[in-house]
Structure formats: structure tokens, C-alpha cells
1. Report P(r) for the stretch 240-318: all Cα-Cα distances, bin width 10 Å, range 0 to the bin holding the largest distance, values in whole percent.
2. Residue by residue, what Karplus-based ³J(HN,Hα) values in Hz, rounded to whole numbers, does the stretch 119-133 have, using 6.51, -1.76 and 1.60 with θ = phi - 60° and x for Gly and Pro?
3. With θ taken as phi - 60° and the coefficients 6.51, -1.76 and 1.60, list the Karplus ³J(HN,Hα) couplings across the stretch 264-277 in order, rounded to whole Hz; mark glycine and proline as x.
4. Whole Å is fine, so just give me how far the alpha carbon centre of the stretch 224-254 lies from that of the stretch 265-282.
5. Tell me, what ³J(HN,Hα) does each residue in the stretch 206-221 have, in order and in whole Hz, if you take phi through Karplus 6.51 cos²θ - 1.76 cosθ + 1.60 with θ = phi - 60° and put x for Gly and Pro?
6. The stretch 92-173: which trypsin sites (Lys or Arg not before Pro) are DSSP loop and have at most 16 other beta-carbon atoms within 10 angstrom?
Amino acid sequence: MNTLLNYFYVLLDNLDYYGILTLTFLTVATAILAIFFIFNRRSALSQRLARLSPSGSKTAILQKPKLLEDEGNGLVAKISRPLHEVVAPRKGATKKKLRLKLIRAGFRSEKAFRTFLTAKVVLGVLFPAAYLVTKLFYRFTPDMFLICIALAGLGFLLPNIYIWLVARGRQSAMEKALPDALDLMVVCVESGLGLDMTFKRVGDEIRPIDSNLSDEFHLTNLEIRAGRPRDESFKDLSVRTGLSEVHNLMTILVQTSRFGTSVAKALRVHADAMRVKRRQIAEEKAAKSTVKLIFPLIFFIFPAIFVVLVGPAAIQIATVLFPVLGGGK
């Protein structure tokens, strides 16, 4: 025990040194990983050629992280299954809300739901436990108890924050690719294809731009081919994405199918409206940029300009005027 205490005190005394070593290691590792990903990233043309080649024709429609899709008797499955029976919500509405959040982030399986709940429980216990281990040789105080509660809440909320960030990024990518998908749909419909083949064709062609939107189109096409009513499949697509633009598009498709109006004309009008909306959003962001630049100008740019302009004069005043005022020669 004395040896452990000595090592612990040595670590505390040289905390700055070990912190610099850790930061240096993390910086070098991050730089190496960034260089690796930059030089190994394939272009959109090479990805499309690989998809069209015989070796790349069998493309997985749904791609998810390995951790959330662990199958069989792996470590994740052994941990998640017992905890899932204890912490899984019993009410159907709560479970549906959690599943919808995971689906909007791209995690559709039941295993992902189990792993999500397991991560919340494990992190909620692991963070306070790690903190208590660092304070093992001190007396337990009310402040430590409050810190443990805060760390437990942070660990419990971290998976939600991660899922929210992934869902936001996925929705942003789909929102950017949707106007191109609309143009492709207009071309397909005007060339004589039905809605089912249009979804399939657009899902194939839009994959180099955004794989998430391509996956959603493929899923909708598979649901329709499996015999599900087209209206329900369109509504499910809007619910899965959580985008108002997709919801409006699906509403237009449902109305055109119900009333027998021209699909091509409706899609063309909707595509024009979407592009006008995107241009208005860009103009709004450009108008807000002048207000947002005030704080960087005041706190970062103006002090530097002030030092550059007034600094030499201040030095001259300090070296010439102050000795004269002080009675020096």
C-alpha cells in the first residue's frame, strides 16, 4: 500500500510533466490518423466505379457501426442482454420514442437498442466509480457525493448526446442531398417510370452523394414491394428522417396518388420551392453574419489592432514623458 501511495504522490508532483506527455501523444496520434484518413479517402468517382464493378455490386444497403451491431455471443451481447432485461422500458410509448431516436441516427436493429441502454447504465456507473477510485485515500465528503451524482448524470446522458449529434449530422446530409434527389425524381417520372422504380433508381444514383438518403429510398421501395400500402410507406419515410422537407415531399406524393394529378409537375414545383427556400436560408445566414462577427471583432481583433497602433506611442510616452514628469533629466 505504501508503494502505491508513493507512486500516486509522485504522479501528483509531476502532473504537468505527464500531462504534457499525454497531450503530445494524443496530438501525434491524431495527426497520424488524420493523414491516414485523408490519403485513404476515395473520391466519389472511384466509389461509384467500385459500386458498378462486379466485386462491388453487392453493396450493403444498411451500414451501421460494428459496436451497435454485435451479434452472437460477443462481449457486447453478453453485457447488454442481462442489463436490457433490467433497464429496458416496459411502456410501449417510451420504447417507441427511444427506437425512433436510434432510427433517425441510422441504428435500426434491436441490438442497437439494447446496446444504447447498456451504454447509459455502464457510463452512469463507471464515471462515479472512476472518480471515487481517484479519491480513495481521502475522506468522503458531501462535495464528493454531489460530484458523483453529477458524473452519474453525465454518463447517463452521454449516449443521448451522441445519438442526437449523429442524427443531426445525418439529417443535415440528407437535407443537402434532397434537391438533387428531387431533380432525379423529376427526370425519372418524366421519362415514364412509375413511383416504385423511381425510388429504386434515385436510391441507386443518389448513393455517391449521400448514402443515408439512398438507404431510406431503398427501404421505402422494399416496403412497397413487400405489399405495404404506398401511403403508409411514404409516411414512415417522413417519420424515419424527421425532416420537414421530406414530410412535405411525401405529402405531395400521397396527394398526387390520391387525386390523380401530374406527379412530374408537382415534383418540379416542389423542387423549385425547395431551391428558393435554400437560397433564402443562405441569404438569412449571410445577413446574420455581420451581427455574429461583432463578438470576435471586439474580443480578439480590436485588442490586437489597438496594441499595434497604440503600442509604439505608449512606449514613447513611457520612455520620454514619464521621466520628465518625474523630475528626471
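Values quoted throughout were computed directly from the atomic coordinates according to the rules given, and no laboratory measurement underlies them. Predicted model only: the values in this text are computed from it and were never measured. Every residue, glycine among them, receives a Cβ derived from its backbone with ideal geometry; neighbour counts consider all protein chains shown.
1. 14, 23, 17, 13, 11, 10, 7, 3, 1
2. Result, ordered by residue: 4, 4, 6, 5, 5, x, 9, 5, 4, x, 5, 5, 5, 5, 5 Hz.
3. The phi angles translate into 5, 5, 5, 5, 5, 5, 5, 5, 4, 5, 5, 5, 5, 5 Hz.
4. Between the Cα centres of the stretch 224-254 and the stretch 265-282 lies a distance of 19 Å.
5. Values per residue, Gly and Pro as x: 8, 4, x, 7, 8, 6, 5, 5, 4, 4, 5, 5, 5, 4, 4, 5 Hz.
6. Details: sites: Lys95, Lys96, Lys97, Arg99, Lys101, Arg104, Arg108, Lys111, Arg114, Lys120, Lys135, Arg139, Arg168, Arg170; in loops: Arg108, Lys135, Arg139.
Counting only loop positions with at most 16 other Cβ atoms within 10 Å, the trypsin sites (Lys or Arg not before Pro) in the stretch 92-173 are Lys135, Arg139.
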